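Following: one structure in structure tokens, then a few remarks.
The values are calculated or read from the model by the stated rules, or taken from the named source; none is laboratory data. Values in this document were obtained by computation on a predicted structure and should not be read as measured data. Every residue, glycine as well, gets a Cβ built from its backbone with ideal geometry; the counts of neighbours run over all protein chains shown.
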Amino acid sequence: MLGLKLATDPRWVNIVETNIEEILTDHAWCEQKAATNAITIITLNSEHEDLVTDLLALAKEELEHFEMVHEIIKKRGYKLGRERKDSYVNELYKFMNKGGNRVQSMVDRLLFSAMIEARSCERFKLLSQKIKDPELSKFYHELMISEAGHYTTFIGFARKYGQDVDVDKRWKELIDFEAEVIQSYGKSETIHG
Ligand SMILES: [Fe+2]
Ligand SMILES: [Fe+2]
């Protein structure tokens, strides 16, 4: 799906179902991080008017997702736990070339963002198909569609503004890197765990 090399083991959903409160807390913070990341990209690349426009809309959608998850948490009498670390994302972050020029840095951050959207989308799809809870199944189906759109936005801007960078080559390298990283995951009740 979306170019990913490895599919998540469907048994991950069984792990998730053992602790819905935990997956919702982790998920809420994923949405917060997605909103924060979009604002960081805007901050670093403010000269591109269309990028600023589209990423402002994207950041708002991520905040709406955060709010939607929080509403489900409240409705069910759960508590939003403290912010969770996302070690999958932290490992992916290491791929980014921090010493390059501004264009290279922008391309890497856009591709990093697209990759997280792609994997989140894959996880949401699996949840929507396998989770027994009908409300969550419908919810994750809706989010899957939204995150697939975000993936397209990030990839699109990487291609548009990455003129001097071989974006397709870099994306392929990231796909290979992600396939290595993800092998250690799929074992806990977190969105990327
Ligand atoms: Fe989202
Ligand atoms: Fe997203």
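Specify which of the listed residues (Gly186, Gly193, Gly156) is part of a helix (DSSP H, G or I) and surrounded by 15 or more Cβ atoms within 10 Å (Cβ to Cβ).
Working: Gly186 fails: part of a helix (DSSP H, G or I); Gly193 fails: part of a helix (DSSP H, G or I).
Of the residues listed, the single one that is part of a helix (DSSP H, G or I) and surrounded by 15 or more Cβ atoms within 10 Å (Cβ to Cβ) is Gly156.
Going through Tyr161, Tyr140 one at a time, which residue ends up being under 19 Å from Ala38 (Cβ atoms) and among the hydroxyl-bearing types (Ser, Thr, Tyr)? Steps first, answer last, please.
Values: Tyr140 fails: under 19 Å from Ala38 (Cβ atoms).
None of the other options fit; the residue is Tyr161.
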Query raised in the report: Lys130 versus (1) away from ligand 2 (no atom under 16 Å from the Cβ); (2) surrounded by 19 or more Cβ atoms within 10 Å (Cβ to Cβ): which is the lone unmet condition?
Result: (2)
Requested in this report: Kindly establish whether Ser137 is surrounded by 16 or more Cβ atoms within 10 Å (Cβ to Cβ), of a type in the set (Gly, Ala, Ser) and at pLDDT 95 or above.
Outcome: no
**Report entry** region 1-53, subset touching a Leu at 6+ places or on another chain (Cβ under 7 Å) and within 18 Å of Glu117 (Cβ to Cβ), residue nearest to ligand 1 (Cβ to nearest atom)
**Finding:** Ala35
Requested in this report: Could you grab me the full set of residues in region 62-112 that are within 16 Å of ligand 2 (Cβ to nearest atom), buried (at least 19 other Cβ atoms within 10 Å of the Cβ), more than 22 Å from Val167 (Cβ to Cβ) and not aromatic (Phe, Trp, Tyr)?
Outcome: Glu62, His65, Val69, Asp86
Query raised in the report: Glu180 fails exactly one of the following numbered conditions: (1) surrounded by 19 or more Cβ atoms within 10 Å (Cβ to Cβ); (2) free of Cβ contacts under 8 Å to residues at least 24 places away in the same chain; (3) charged (D, E, K, R). What is the number of that condition?
Result: (1)
